[in-house]
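Read through the structure below, which is laid out as structure tokens, and then see the notes.
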Amino acid sequence: MTKRTRLFLTVSGGILVAGLGTGLVAAYVGGFQNLTLIGASGPNELAYVPSDARVVAYANVREIMDSELHQKLQSLHQSRNGDGLARFEAETGVDVTRDVDYVVAVLGGEGTVSGEHQGPPLVMARGRFDEVRVEGLVRSKGGVAEDYKGQRLFTYKDAAPDRNVTGVALTFLEPGLVAMGVDSAVRAAIDVRTGATASVTANEDLMRRVKEANADGNAWVVAKFDALVNGGKVPSDMLQRLPAINWVSVTGHVNGGVRAAMRAETRDETAAQNLRDVLQGILGLAKLQTGQRADLAAIVNSIELGGEGKNVSLAFAVPIEAIDQLANLAAARAAREPSVDAPAAPEAEPVPAP
Amino acid sequence: MSTRPPLPAPPTFANGAIRVFSLSLSEMLWSRRTVFLLLVTGAPVFLALVARIVQGSGIVPLRVNGVAVDGASIFGMMIWVFYLRFIVPVLGVFYGTSLIADEVEDRTITYLFTRPIRRGAVLVGKYLAYLVCTTLVVLPSVVLVYFLLVPLGQVARTFMSFAADLGLLALGLAAYGALFALVGAALKRPLVSGLVFVFGWEQVALLVPGYFRRFTVAHYVQSMVPHAMPSDGVVSLLQSVLKDNPPVFVCLLVLAAIIVATLWRAANTVESREYVLDQ
């Protein structure tokens, strides 16, 4: 064996060993995502979310409102939504399109797989709010202010006994950060703030997925799958047929159009392969069905099935042109449907008896 | 009268194969065929490097109908499109068929066969040299592509499938190499037959419903790929709809059987066949 052959073997083998070694170390320590050099792990407001959160959702309202897509939708539906937003602004002083930067929504961990309810919801919104005006509105609706661990908390209980509502609450966790939701969820957020309980940032499983989702889009949901199907909203027959899914994340990026991706992490690789096979079949059928429909074919052809190991991913894009086409289609269909106010067709003259 | 020293015993089959291996490895590595090998395996590395540079400048390197494709998915697509469908079978054909055919063509086989080494050991030694030569070029290329495309944060999640990729590429090279070593030992124009097998028979058999696919190497190699098959056309769509993936242990058993059986048959063919050199 010549010297240069030995050199070649050493270099090639070295690359191979170094690559495998790096991968092994990464797999052993759980990846390099905890290095601070590599990006942020999600919105800072997660520091107020209890560690047992099972669903975390985020929407960058500012980016979505500024998007070309929103401008287009607004021009289409201005009359329908304009009144609601104007009334909300008149009551709270908050213009959703200008004053809210982003929203974080959380479902807590009290729900059980077989339980009748999901965990308590909590919504946090970051933006510019007139705290005095919001407080006045809450009081005018019958809300009560109280002090909870040094934090001013507004609570409201529905007077109707048949509604079985445990009560809702609202507080400003920081200037410009409002938290609202079920009373227990808001109190739990205050507990986390005071350090009485751990935050979700200590939940490595969830945070790893949150970080990946946060890097992918300006709106996302990361959820334990059983938290999503709690409450009997999904028929038990369907649940039994679904592959064993542990985690689900849905990310969307809204700009000129929409691109979205859904990722599922199954309990094992067989379940993932089954899910991929089912989706691949559905995708094939959808492509065959929409072959003649140019408007839908663009969307269906953009669907990309992927994933490896226990992961399954499905991504698709709706370009702005497709949204235009769909809007035109809806408008044409609406024009074809008879209006409620349209005059009834004249009744036929009775035929004289022979 | 002086007695002549006894002749050394001829090397065993394994020793003979190892001697041919060490002789053939350098020969194979620094041949003109290696330039082709480097070009073929360098292309994905170059593309991955371009993608990395593009990504570094804030531009998404690949979009499918407007959807940004992440690095791990691009890597999966490259494993399918470049390595499994092209590089592995093509290297198997080019190198495997030439193990004996080149010696016949260059009329150097006589020199090998007059050595005190079994003819079968010559083929096995050359096959081992092919295996080391190709795996040590193809696998580092895959490693480079992987680390260029997949962000460090996703390495832990994707490492097992990456390791599986390396394993099945090595297995694919071994299986195709052994099969085409037999073709090279048995047929007069092995390269043409090999190309017809890879780009004709295998492509058609994978698309035909029924049992035909079981008579291909690609069926067993592709059944173990941990990445989703890219849906890049009608052929892929048909393949994905018609696919019937056997369990991994079945694939491993069949591939092992292909390697052992074809290599054994090739060695036997070389032992028994009379190679007539063109004058």
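Descriptive notes on the structure:
- Residues in segment A:229-259 that are more than 16 Å from residue A:208 (Cα to Cα), at pLDDT 70 or above, crowded, with 20+ Cβ neighbours inside 10 Å and among the hydrophobic types (A, V, I, L, M, F, W, C): A:245, A:254, A:258.
- Out of A:299, A:303, one residue alone is within 12 Å of chain B (Cβ to nearest Cβ) and either more than 30 Å from residue A:265 (Cα to Cα) or at pLDDT 75 or above (or both). It is A:303.
- All positions within segment B:68-83 that are closer than 17 Å to residue B:219 by Cβ and away from every other protein chain (no Cβ under 14 Å): B:83
- If you go through segment B:1-27 and keep only what is of a type in the set (A, V, I, L, M) and more than 29 Å from residue B:131 (Cβ to Cβ), you end up with B:1, B:7.
- Qualifying positions in segment B:1-46 - in a loop (DSSP other than H, G, I, E, B) and small (Gly, Ala, Ser): B:2, B:9, B:31
- Yes/no for residue B:132 being β-branched (Val, Ile, Thr), in a helix (DSSP H, G or I) and closer than 23 Å to residue B:38 by Cα: yes
- Candidate set: segment B:147-156, residues that are more than 7 Å from every other protein chain (Cβ to nearest Cβ) and assigned to a helix (DSSP H, G or I); chosen: the one nearest to residue B:79 (Cα to Cα): B:149
- The residues in segment B:203-222 that are surrounded by fewer than 21 Cβ atoms within 10 Å (Cβ to Cβ) and either modelled with pLDDT of 85 or more or part of a helix (DSSP H, G or I) (or both) can be counted, and the count is 10.
- Residue satisfying all of: in segment A:306-337; over 30 Å from residue B:156 (Cβ atoms) and among the acidic types (Asp, Glu); nearest to the other protein chains (Cβ to nearest Cβ) among these: A:321
- For segment B:16-43, filtering for residues that are away from every other protein chain (no Cβ under 14 Å) and touching a residue at least 40 places away in the same chain (Cβ under 8 Å) leaves 5.
- Of all residue pairs spaced 6 or more apart or on separate chains, none has beta-carbon atoms under 8 Å together with a first member in segment A:273-286 that is more than 9 Å from chain B (Cβ to nearest Cβ) and a second member that is acidic (Asp, Glu) and in a helix (DSSP H, G or I).
- Counted residues, segment A:260-296 - those being among the acidic types (Asp, Glu) and either modelled with pLDDT under 80 or part of a loop (DSSP other than H, G, I, E, B) (or both): 2
- Only listed residue being more than 10 Å from chain A (Cβ to nearest Cβ), modelled with pLDDT under 80 and assigned to a helix (DSSP H, G or I), chosen from B:254, B:250, B:235: B:235
- Residues in segment A:116-144 that are in contact with a helix residue (DSSP H, G or I) (Cβ under 7 Å, 6 or more places away or on another chain) and in a strand (DSSP E or B) were compared, and the one that is farthest from residue A:176 (Cα to Cα) is A:121.
- Number of residues in segment B:94-105 that are without any contact (Cβ under 8 Å) to a residue 60 or more places away in the chain and more than 16 Å from residue B:129 (Cβ to Cβ) equals 1.
- Considered as a group, the residues in segment B:73-87 that are over 13 Å from residue B:48 (Cα atoms) and among the aliphatic types (A, V, I, L, M) include one that is surrounded by the fewest Cβ atoms within 10 Å (Cβ to Cβ), and that residue is B:81.
The values are calculated or read from the model by the stated rules, or taken from the named source; none is laboratory data. These numbers come from a predicted model, not from an experiment. Every residue, glycine as well, gets a Cβ built from its backbone with ideal geometry; the counts of neighbours run over all protein chains shown.
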